[in-house]
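First the structure, in the form of structure tokens, and then the observations on it.
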């Protein structure tokens, strides 16, 4: 569950929320538990800003009693390119209860990282459960499963001295899909740990992060459900939640959640995605979609050409599996009218708040002209207009505007998503790459090698810098074509058909000339133009196939996929090619998954 579900926080309007002080949010004395108030403020601010909380503190002025209603009003003080400063004021009637000040967003600093060394512990199952007393009935304590690794409860204090340290495992009993910062704040303090050091330990120990969510440098070897930590040192309670999360392993056995109310997921963390739809009928995919999340995949990205549309598989997945982020890679800019395009984007963003990203691209002359009967003209301007129009539409304002390639007169979007989705541009050459860096939230790239990634990301980042944006905030999503087979001859033979089909399309041909493959592919292009398909396939060098299609053993494939990330990709969307009949599709999915690393 996310923070809104745990707290029961209700949205009143764009900037206001209501929190009902129900028993599960109260202390044994019948007052709103302090962490629940802080959590409500964080949750409200994340929903309003669309950014994840990295720092928050609360000042309490009064109490909210059981059965009272707390009105939470948010105010954004400063909204920067990476960080938003905001506050939430909580009142019961005219009585101010608390104020929450927070920083939201993410920026990589040289000083950011791991500031706490955690203690060695036994597994949760081996720790001693904390016994609840009668006074804990009808309070937040009943919602928690707490287990002592070290320390004594109040009724165990006998006057003897100790080092004053307490280490506990804590989880919400009803936890299903993971927990976000706001929910973590809601109950971490309930252990009654008074010191800053102990509170920080609680926040770390209760963060629900999977092994696959950790930076590779922080991951433990092997996949386990225990929490192995080094000794704990003091840390400020105001240390960024982001830094604390990096150190956590979870209990119960790991699941990962994309919390809807935390706004956009941090795209600068590595995200391992899969291309959908999967093989078979859409109505048969639910178990497999859920299994992707169990395997550690974080994203699914759809495509739209001659099969299913881009939105339907994601709409199904939005209902089936809340742990996955959903993205289109891509929707052609030409094939929907402006209003319908905005409606489709807003509907999916509303169905999966904070978990949807829209990827837009020009597509190709084959798809637009030959298959859809539309003129494929001014592709750069068309994509730019769609990006600008979607930004305008998501604001909720009425639009009367002449764009370069279409006009909109009096349109107002009737669905206003709680979290505005990131907009990414499918980009090949410099013009689109610069557009992605200057006006979009990032770029979607494909049919390129790991080394090519450096070339394209530099253009995106340079454009972002010139536009006054932080290049580090621009997400680079790569569709990576993979066949985990060691039968290189079979893979190369099959891959040549896919490469010829794509790289003879004019936009892809120009892309690879720009990347420097003009000489290597000249023979294929000449034979293709002459109508000799067999000669065109034979003219594709092995080196080009090996550059553009990842193949080999699963371990070799994972190593090459890692190179894409090392060179600038933030998010992958693996497209498994059925090139070797001996390779089972789902076995390939499992062998390439983060859990197999």
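Whole number please: convex hull volume per residue of the Cα set in region 487-550, in Å³? It would help to have the intermediate numbers written out before the result.
Details: hull volume 4.6 nm³, N = 64.
Measuring per residue, one finds 71 Å³ for the Cα hull of region 487-550.
Quick one: give the max-minus-min coordinate of the C-alpha atoms of region 3-105 along each principal axis, largest first, in Å.
43, 25, 22
Using a Debye calculation, one point per C-alpha and no hydration shell, please list log10 I(q)/I(0) for region 23-64 at q = 0.32 Å⁻¹ in order.
-1.10
Report Rg (one decimal) and Dmax (nearest whole number) for region 51-101, counting Cα atoms only, units Å.
12.7, 40
Mind sorting 158, 392 by how few other Cβ atoms lie within 10 Å of their own Cβ, fewest first?
158, 392
Arrange 271, 416 by Cβ neighbour counts within 10 Å, fewest through most, would you? Before the final figure, lay out each step's value.
Values: 271 25, 416 15.
The fewest-first ordering by Cβ neighbours comes to 416, 271.
What area, in nm² and to one decimal, does the C-alpha convex hull of region 364-500 cast on average over all directions?
11.3
Which of the peptides 39-47, 119-127, 454-462 is most tightly packed, and how do the rest follow, going by the mean number of other Cβ atoms within 10 Å of each residue?
On the way: 39-47: 30.4, 119-127: 16.0, 454-462: 19.6.
Sorting 39-47, 119-127, 454-462 by mean packing, highest first, produces 39-47, 454-462, 119-127.
Calculate the translational D of region 557-597 in whole µm² s⁻¹ from Stokes-Einstein, where the hydrodynamic radius comes from the Kirkwood formula applied to all Cα pairs, the temperature is 25 °C and the viscosity 0.890 mPa s. Intermediate results must be reported in sequence, preceding the final value.
On the way: Rh = 11.3 Å.
Calculated translational D: 218 µm²/s.
No value in this document is a laboratory result; all are computed from the given coordinates. Source: prediction; values computed, not measured. Every residue, glycine among them, receives a Cβ derived from its backbone with ideal geometry; neighbour counts consider all protein chains shown.
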